[in-house]
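What follows is calculated from the coordinates using simple rules that are stated; it is not laboratory data. Nothing here was measured: the structure is a model prediction, and the numbers come from that model. In this analysis, Cβ positions are derived from the backbone assuming ideal geometry, glycine residues included, and neighbour counts consider all displayed protein chains.
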């Protein structure tokens, strides 16, 4: 686990995107990710919603971490997460109904995200506000990045379109937008991500 | 664990949940009237969009399908009836699909609109796409049938979402149109309770 006193905020932010990427490295929250990444638009909106909730939950947990009794921390984390999800969805439904009509479905799914609970437990409950913000932002951006890549790949290969616009006139591999194809896509991209990451590390180590 | 610990834990939990409850109640109290208004406006816009040629759309009555409450409307232009709009529900793959159907005075479907649903994102939610919904234009009761093959005469299923396509076509739309024919045409209008099997 990263030590907050020695690592800079920038490193914390990058940690969530590369070293501890929720999907490609930690393999958390795969189920909801596979469910929504069969087109690019869904992937991006889901990623943005998670980014926001992760950021706010990390801040809240970090602020109240000293008054939480360790034995009941999980029910309180769940309260904070579901509270933020509910508030976000109600405020959006009231003020931006057009946007809510498109993303409301995803926002409510976030309650069940293991990755958000994991960050609250592993990081925010042990760190002060600023590092928690950096961590939440990094984890959220990393998640958004992963969902964007996966949904880009799946929509293009599965439906031949991007953001609902037809690119090629056929559906090359329909299985890619079905749940089973989601596992294939995540597996292939996870392998690619780790391959690039390890090559980059080898390169960095040998040039030193 | 001592009695003091148990007390402390209980108090922390209660305090947090009461605060959380108050925050939620406060946000809900502020947001719910706005959400209600938004929904009402969305319904009005949806009705107008379904039958742009109508000057006046007014509620005709209530009916129920899948134990859900739904409404139907009459659309008039210059005192003449130009068609009807009916709300209906279809039992889909993972949700009830809330549908509005506009028919002309001969009970041929003009347009359908999916108001809300909880079908699988990326597959079932294609029932909202124009390419699917436009197939319903000028279909009468006999032609509201889903085929998996290419068809112009009937409704072509969305690949990967046959259950959702069926739910809209053979459940929501078909039952809605059948109800309208039964009550408005043969029953002369009025609040007849629809028995759905």
Inter-chain shielding metric for B:22-28, i.e. average beta-carbon neighbours from other chains within 10 angstrom, reads 3
Could you give the radius of gyration (one decimal) and Dmax (whole number) of the Cα atoms in the stretch B:1-50, in Å?
21.0, 67
Applying 1/(1 + (r/R0)^6) with R0 = 51 Å to the Cβ-Cβ distance of residue B:181 and residue A:19, what FRET efficiency is obtained, to the nearest 0.05?
0.20
Projected area of the protein assembly as shown, taken from the Cα convex hull and averaged over every viewing direction, in nm²?
25.9 nm²
Along each of the three principal axes of the Cα atoms of the stretch A:45-156, give the extent in whole Å, ordering the values from largest to smallest.
46, 31, 22
Show me B:109-119, B:168-178, A:188-198 ranked by packing, highest mean number of other Cβ atoms within 10 Å first.
B:168-178, B:109-119, A:188-198
By per-residue mean of other Cβ atoms within 10 Å, what is the highest-first order of B:14-23, A:43-52?
A:43-52, B:14-23
Calculated P(r) of the stretch A:10-202 - Cα pairs past 23 Å, %:
46 percent
Give me the distance in nm between label points sitting 7 Å out from Cα along the Cα-to-Cβ direction at residue B:108 and residue A:170, one decimal.
3.7 nm
Which percent of the Cα-Cα distances in the stretch A:146-191 go past 13 Å?
48 percent
√(5λ) per eigenvalue of the Cα gyration tensor, chain B, largest first, Å:
41, 22, 16
May I ask you to derive the FRET efficiency for residue B:36 and residue A:200 from their Cβ-Cβ distance with R0 = 56 Å, giving the value to the nearest 0.05?
0.60
For chain A, calculated [θ]222 nm from helices alone, where every DSSP H run of n ≥ 4 adds -39500 (n - 2.57)
-22500 deg cm²/dmol
How big is the stretch A:1-89 by the Kirkwood estimate over distinct Cα pairs, in Å?
15.0 Å
Provide a whole-number value for the mean count of partner chain Cβ atoms within 10 Å of the Cβ atoms in peptide A:90-98.
5
Relative contact order computed over chain A (Cα-Cα under 8 Å; 6+ residues apart), in percent
35 percent
222 nm [θ] for chain B, helices only, -39500 (n - 2.57) per DSSP H run of 4+, per residue, to 500?
-11000 deg cm²/dmol
Could you work out the mean count of beta carbons from other protein chains within 10 Å of each residue's beta carbon in B:31-38?
5
From a point 7 Å beyond the Cα of residue A:71 in the direction of its Cβ, which residues of the stretch B:1-31 have a backbone N at a distance under 16 Å?
B:1-15
